[in-house]
Amino acid sequence: MRPLLILLFALTTSALKAQPQANYDETKVPKFSVPDPLTTFGGETITDSLQWEEKRKLEIYQFFEKQIYGKVPALLDEYSFKVIEQDNNALDGKAQRKQIAVGLKKNDRSLNFNILLYLPIGNENAPVFLGYNFHGNHTVTDDPNVIITDVWNENSKDLQITDNKATETSRGLRTNRWAIDKMLDNGYGLATVYYGEIDPDKNDFSDGLHSLFYDEGQTKPKTNEWGSIAAWAFGLSRAMDYLENDTNISNVIVFGHSRLGKAALWAGATDPRFAGVISNNSGCGGAALSKRKYGETIGDINNSFPHWFSESFKKYSNREETLPVDQHQLLALIAPRPLYVASAIEDEWADPLGEFISAQYASKVYELYGKEGITLTDTHEVDHPILGTMAYHMRSGKHDVLEYDWDQYITWAETFAK
Ligand code: GTR
């Protein structure tokens with residue numbers, strides 16, 4: 001590379017990493033009023049769970065649906081499930097492994113994705129964690145029998161993925177994020193899907209789930225329709241369609257990290273069949289309050305990932321103060337089901353404190369149902385989890401999913417999932 005090009009390259013990559021425009025100074029967080037989950041848009045006060053469900057929950061839900069994540073345009077015409085591979089003696093005899101092909105059809109177009117399912121031997125009625133993975137089912141385990149995805153994959157140095165295609169070399173390279181042995185030893189199963197099989201994560205609406213629903217000549221979703229996060233959430237529900245009919249599964253807890261934590265939260269809000277929801281470092285557009293404008297903002301996220309949200313969300317870029325809702329109300333939509341919000345103290349881009357406060361503000365709705373929320377007197381002391389119906393931890397360390405996180409999720413799930 002010539003010197004000028006090297007300099008330009010260095011400048012661009014360092015600018016991307018450092019996010020120099022982001023605010024990380026608590027004193028520069030703007031003053032803002034938090035939209036009250038218990039006051040309707042029309043000004044009426046909500047005093048019990050029935051009123052919440054009849055008057056407030058729906059209007060908040062519809063706002064998120066039309067203005068933030070975007071509406072699913074129609075129902076599918078058909079869907080099918082086929083167990084394409086099964087081994088009752090997998091992972092050294094610890095698990096039953098199934099790989100299930102899910103087929104979705106609309107307008108004579110179809111999309112297929114694979115669920116990798118491990119169920120613990122000895123628990124005929126196991127709770128299961130369902131979560132997307134970033135690079136393919138074969139990356140979460142060394143198990144040589146897991147099918148390698150053949151759809152578009154983001155190139156990754158860590159995962160040794162080049163030419164946008166996963167190969168054998170990436171097998172098992174993400175086992176660190178999935179405590180599969182621990183889940184199985186504690187009587188839990190794991191179901192995972194490669195998120196790119198639902199919608200490849202690029203600003204291109206010509207492929208993936210959206211394209212099945214287009215009218216003649218249409219090339220992208222309409223203004224209030226779904227972006228990729230809503231499509232991924234929809235995919236989680238289709239996985240749930242299979243899991244809820246598997247007689248060896250008792251409950252499904254939906255889990256997601258980062259962008260996939262945003263998808264898990266929206267899936268939890270849209271689909272009451274999920275018995276619990278875990279948001280791991282989901283940040284902006286996930287658990288974190290947007291109005292704080294700390295770390296990643298709506299403007300940043302709409303710029304870097306224009307395909308994640310509905311087109312209508314773009315009008316809130318750099319205009320957070322005009323939003324009549326905030327992300328604590330997304331959390332509230334999951335009430336009274338168990339919800340775990342997890343942050344990491346060094347994950348500044350995701351505004352860990354904003355995630356904690358958001359959980360606190362959502363608690364009012366949990367309390368309407370007589371459930372324990374994260375109260376205003378609770379603290380976000382590092383590595384001191386709060387494990388009620390609403391759960392929270394501020395882990396030491398960076399943006400990631402660690403063994404520590406799974407230890408807490410499993411301990412918490414014991415209180416409701418078995
Ligand atoms: C970042 C993005 C975040 C988060 C993260 C991830 O680049 O700004 O909102 O979703 O990616 O998914 O790892």
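Each of Ser80 and Asp207 was given a label point 7 Å from its Cα along the Cα-to-Cβ line. The distance between the two points is 2.3 nm. Radius of gyration over Kirkwood radius for segment 70-251, both on Cα atoms: the Rg/Rh ratio is 0.98. Mean residue ellipticity, 222 nm, helices only, the chain: the sum of -39500 (n - 2.57) across DSSP H runs of n ≥ 4, divided by residue count and rounded to 500, is -7000 deg cm²/dmol. Of the GluC sites (Glu not before Pro) found in segment 69-164, those that fall in a DSSP loop while having at most 16 other beta-carbon atoms within 10 Å are Glu124, Glu154.
Nearest 0.05, what FRET efficiency do Asn125 and Thr47 give at R0 = 56 Å with Cβ-Cβ as r? Working from the Cβ atoms, E equals 0.90.
As a footprinting exposure proxy, order Leu130, Leu265, Leu91 by other Cβ within 10 Å, with the fewest listed first. List each step's numbers first, then the result.
Details: Leu130 25, Leu265 30, Leu91 18.
Lowest to highest Cβ neighbour count: Leu91, Leu130, Leu265.
For segment 70-251, the relative contact order comes to 25 percent (Cα pairs under 8 Å, sequence separation of at least 6).
Between Lys31 and Thr411, the FRET efficiency estimated from the beta carbon spacing at R0 = 45 angstrom works out to 0.75. Cα centroids of segment 380-409 and segment 110-133: 23 Å apart.
Over the chain, what is the relative contact order in whole percent, taking alpha-carbon pairs under 8 Å and six or more residues apart? Let's see the in-between values first.
On the way: 884 pairs, mean separation 66.2, N = 418.
About 16 percent, as a whole number.
How would Met390, Met183 line up from fewest to most surrounding beta-carbon atoms within 10 angstrom?
On the way: Met390 28, Met183 23.
Arranged by neighbour count, lowest to highest, Met390, Met183 become Met183, Met390.
Listing Trp308, Trp178 from fewest to most neighbouring C-beta atoms within 10 Å gives Trp178, Trp308. Need one word for the chain: rounded, prolate or oblate. Basis is the Cα gyration tensor (sqrt eigenvalues a ≥ b ≥ c); a/c below 1.5 gives rounded, then a/b vs b/c decides. Rounded. Of the GluC sites (Glu not before Pro) found in segment 304-394, those in coil by DSSP whose Cβ has at most 11 other Cβ atoms within 10 Å are Glu381. Distance between the modelled labels on Asn176 and Glu154, one decimal in nanometres: 1.7 nm (7 Å Cα→Cβ projection).
Among complete DSSP H helices in the chain, those whose alpha-carbon atoms stretch at least 20 Å along the helix's long axis and whose mean Kyte-Doolittle hydropathy reaches 1.0 are 3-18.
Take the Cα of Ser304, step 7 Å toward its Cβ, do the same at Asn145, and the gap between the two points is 4.0 nm.
Every number here is computed from the coordinates shown, using simple stated rules; none is lab data. Because the structure is predicted, anything quoted here is derived from the model rather than measured. We place every Cβ from the backbone using ideal geometry, glycine too, and count neighbours over all the protein chains shown.
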